[in-house]
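This is the structure I want to talk about, given as structure tokens.
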Amino acid sequence: MPESINQCPLCGSQQSRIFDRRKFRGHLVINRLCTNCGLVFQSPRMTEDELDAFYKKEYRQVYQGDSGPMAKDLFVQKGRAHSAVAFLERSIPPPQRFLDIGASSGILLEFVQKKFGSEVVGIEPGDSYRAYAQERGLEVFKSIEEMHSANVTGFDLISMMHVLEHIPDPVGYLRMLREGMLSDEGFLLIEVPNLYAHDCFEIAHMTSFSVHTLKEVLEQSGYQIYAIEKHGYPRSNNLPLYITALAKVEDVEKKKVNPERFVLIKRKIGMLRRRILQKLFPSKTWIPLPQPSGGTSCE
């Protein structure tokens with residue numbers, strides 16, 4: 001049974017109101033806006049046990065109609081990996097030990113290994129995707145617990161590409177990474193859908209981030225923003241669909257959340273801009289994706 005979230009995952013306030021209500025592929029998805037800090041989060045939502053079962057068995061089926069890697073998904077992953085490596089190359093020194101949480105098919109692991117010569121490790125709960133990566137010679141574990149059991153730890157770069165929005169307690173999770181897995185001088189690479197451009201209200205998305213609220217979550221978790229950008233790659237040439245952030249471990253945790261205001265207005269303006277660009281410049285707005293039939297799709 002879905003559980004209601006009575007406290008904001010960022011500031012802990014119990015004051016919220018419905019922000020969006022919709023059906024997503026047969027599932028009712030309700031997102032709420034914290035009226036204290038401006039974070040948008042899903043409530044009610046699946047319990048942790050339900051989430052575990054969902055990611056192990058249903059996630060890929062719900063999102064792409066197949067449990068294993070498909071051409072469309074691999075295309076997007078390669079695009080994201082290319083973008084992430086370019087972002088890293090212009091921002092930080094080459095990482096020595098790299099962990100990718102939500103490694104999927106292992107493409108980002110391969111890109112980082114090839115570009116920087118890093119020792120790479122991945123975590124991927126999905127059986128078919130993990131097997132795909134392992135068959136390519138990559139070290140990929142089912143969970144953090146399994147990785148710890150193998151005494152694998154101590155990374156100077158950890159990435160979570162389109163993972164943080166799936167985490168029920170983002171602040172607690174990021175603190176865990178900082179305290180037990182990142183080196184003292186380590187970096188955290190995160191990419192999430194942009195609340196003000198992406199149609200991000202999906203059954204698996206526990207939290208929807210703007211640049212402001214992503215910064216606040218990172219700072220509350222004990223990180224300092226090192227670099228941040230909005231972009232659409234690999235899906236769009238002119239829509240800021242995604243937020244990519246690089247954060248560094250910070251000794252002093254921020255105590256007070258800086259609230260974001262006018263969230264609903266910003267969302268409406270951003271989505272209106274998206275609709276206008278789609279209508280005026282459809283061929284420039286979306287980068288086509290490969291289809292099983294050999295055709296392409298913009299959605």
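The values are calculated or read from the model by the stated rules, or taken from the named source; none is laboratory data. These figures come from a predicted structure and were not determined experimentally. As a convention, Cβ positions derive from the backbone with ideal geometry for all residues, glycine included, and neighbour counts pool all protein chains shown.
Go through (1) over 28 Å from residue 142 (Cα atoms); (2) of a type outside the set (Lys, Arg); (3) at pLDDT below 95; (4) assigned to a loop (DSSP other than H, G, I, E, B) and name the single condition residue 28 misses.
With respect to (1) over 28 Å from residue 142 (Cα atoms); (2) of a type outside the set (Lys, Arg); (3) at pLDDT below 95; (4) assigned to a loop (DSSP other than H, G, I, E, B), residue 28 is out only on (4).
Then there is this: Could you tell me whether segment 147-158 includes any residue that is under 18 Å from residue 87 (Cα atoms), modelled with pLDDT of 95 or more and out of contact with any Lys or Arg (no Cβ under 7 Å at 6 or more places or on another chain)? Show your work before the answer.
Our first condition is that a residue be under 18 Å from residue 87 (Cα atoms); within segment 147-158, this holds for 156-158.
Narrowing the set further to residues that are modelled with pLDDT of 95 or more leaves 156-158.
Checking which are out of contact with any Lys or Arg (no Cβ under 7 Å at 6 or more places or on another chain) leaves us with 157-158.
Within segment 147-158 (the criterion being under 18 Å from residue 87 (Cα atoms), modelled with pLDDT of 95 or more and out of contact with any Lys or Arg (no Cβ under 7 Å at 6 or more places or on another chain)), the answer is yes, since at least one residue qualifies.
Out of 179, 191, 165, which single residue is modelled with pLDDT under 95, under 17 Å from residue 218 (Cβ atoms) and not hydrophobic (A, V, I, L, M, F, W, C)? Give the steps one after another, and end with the answer.
Working: 191 fails: modelled with pLDDT under 95; 165 fails: modelled with pLDDT under 95.
Only one candidate passes the filter, namely 179.
For segment 233-244, give me each residue that is closer than 13 Å to residue 284 by Cα and either buried (at least 20 other Cβ atoms within 10 Å of the Cβ) or of a type in the set (Lys, Arg) (or both).
235, 236, 239
Taking the criterion of being within 22 Å of the chain's Cα centre (by Cα) and over 26 Å from residue 73 (Cα atoms), would at least one residue in segment 272-291 satisfy it?
Looking through segment 272-291, none of the residues is within 22 Å of the chain's Cα centre (by Cα) and over 26 Å from residue 73 (Cα atoms).
Which is out of contact with any helix residue (DSSP H, G or I) (no Cβ under 9 Å at 6 or more places or on another chain) and not charged (D, E, K, R), of 149, 128? Working first, answer last.
Working: 128 fails: out of contact with any helix residue (DSSP H, G or I) (no Cβ under 9 Å at 6 or more places or on another chain).
None of the other options fit; the residue is 149.
State yes or no: is residue 268 farther than 30 Å from residue 98 by Cα and free of Cβ contacts under 8 Å to residues at least 12 places away in the same chain? Working first, answer last.
Numbers: farther than 30 Å from residue 98 by Cα: yes; free of Cβ contacts under 8 Å to residues at least 12 places away in the same chain: yes.
Yes.
Now a separate question. Of the numbered conditions (1) among the polar types (S, T, N, Q); (2) more than 20 Å from residue 98 (Cβ to Cβ); (3) surrounded by fewer than 24 Cβ atoms within 10 Å (Cβ to Cβ), residue 208 satisfies every one except a single condition; which is it?
Unmet condition: (3).
Out of (1) of a type outside the set (Asp, Glu); (2) under 28 Å from residue 271 (Cβ atoms); (3) touching an Asp or Glu at 6+ places or on another chain (Cβ under 8 Å), what's the single condition that is false for residue 166?
Failing condition for residue 166: (3).
Give me the pairs, please: first residue somewhere in segment 94-111 and over 18 Å from residue 132 (Cβ atoms) and at pLDDT 95 or above, second residue anywhere and part of a loop (DSSP other than H, G, I, E, B) and not polar (S, T, N, Q), beta-carbon distance under 9 Å, and either six or more positions apart or on two chains.
94/117; 96/117; 97/154; 99/152; 99/181
Across segment 230-262, what is the number of residues that are within 23 Å of residue 184 (Cα to Cα), among the charged types (D, E, K, R) and either out of contact with any Asp or Glu (no Cβ under 9 Å at 6 or more places or on another chain) or in a loop (DSSP other than H, G, I, E, B) (or both)? Give the steps one after another, and end with the answer.
Looking only at segment 230-262, we keep the residues that are within 23 Å of residue 184 (Cα to Cα), and these are 244-255.
Subsequent filtering for residues that are among the charged types (D, E, K, R) retains 248, 250-251, 253-255.
Going one step further and asking which of them are either out of contact with any Asp or Glu (no Cβ under 9 Å at 6 or more places or on another chain) or in a loop (DSSP other than H, G, I, E, B) (or both), we end up with 250-251, 253-255.
Residues flagged as within 23 Å of residue 184 (Cα to Cα), among the charged types (D, E, K, R) and either out of contact with any Asp or Glu (no Cβ under 9 Å at 6 or more places or on another chain) or in a loop (DSSP other than H, G, I, E, B) (or both) within segment 230-262 amount to 5.
Examine segment 264-283 for a residue that is among the polar types (S, T, N, Q), part of a helix (DSSP H, G or I) and surrounded by fewer than 20 Cβ atoms within 10 Å (Cβ to Cβ), and state whether such a residue exists. Even if it seems obvious, please write down each step before you answer.
Filtering segment 264-283 down to residues among the polar types (S, T, N, Q) leaves 278, 283.
Still in the list and also part of a helix (DSSP H, G or I): 278, 283.
With surrounded by fewer than 20 Cβ atoms within 10 Å (Cβ to Cβ) added as a condition, the list becomes 278, 283.
Yes, that holds for at least one residue.
Counting only residues that are out of contact with any Ser or Thr (no Cβ under 7 Å at 6 or more places or on another chain) and of a type in the set (S, T, N, Q), which one in segment 8-20 is nearest to residue 209 (Cα to Cα)?
13
Oh, and also: Which residue out of 159, 208, 143 is free of Cβ contacts under 8 Å to residues at least 24 places away in the same chain and polar (S, T, N, Q)?
Details: 159 fails: free of Cβ contacts under 8 Å to residues at least 24 places away in the same chain; 208 fails: free of Cβ contacts under 8 Å to residues at least 24 places away in the same chain.
So the residue among 159, 208, 143 that is free of Cβ contacts under 8 Å to residues at least 24 places away in the same chain and polar (S, T, N, Q) is 143.
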